[in-house]
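Laboratory data are not the source of any read-out in this text; all were calculated from the coordinates shown. Note that the structure is a prediction, hence the values are computed from the model and not measured. Note that each Cβ is placed from the backbone with ideal geometry, even for glycine, and that neighbours are counted across all protein chains shown.
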């Protein structure tokens, strides 16, 4: 086989391998892009859930609701003036 023919075969093999590498990289790039899009959608869904949970927490923690539950479930009540005892520290 002549050196020129061998050079052409090596060059053709290099071009073929390079083309296959480009196809492989493109395929992986597309797969990564699809995964990125899925993660972006998941992030958006989680942000919506987070906002909903913050609103729900705000509703559950209102002062009126806490006071009502304290009265109904724990039998708590506001102190009357007769229930308050003030203790003064003696002066030395």
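Some points to look at:
- Flag for residue 54 being within 17 Å of the chain's Cα centre (by Cα) and without any contact (Cβ under 8 Å) to a residue 24 or more places away in the chain: yes
- Evaluation of residue 59 against the conditions (1) over 38 Å from the mean Cα position of the chain (by Cα); (2) exposed (fewer than 10 other Cβ atoms within 10 Å of the Cβ); (3) not in a loop (DSSP other than H, G, I, E, B) shows that the sole unmet condition is (1).
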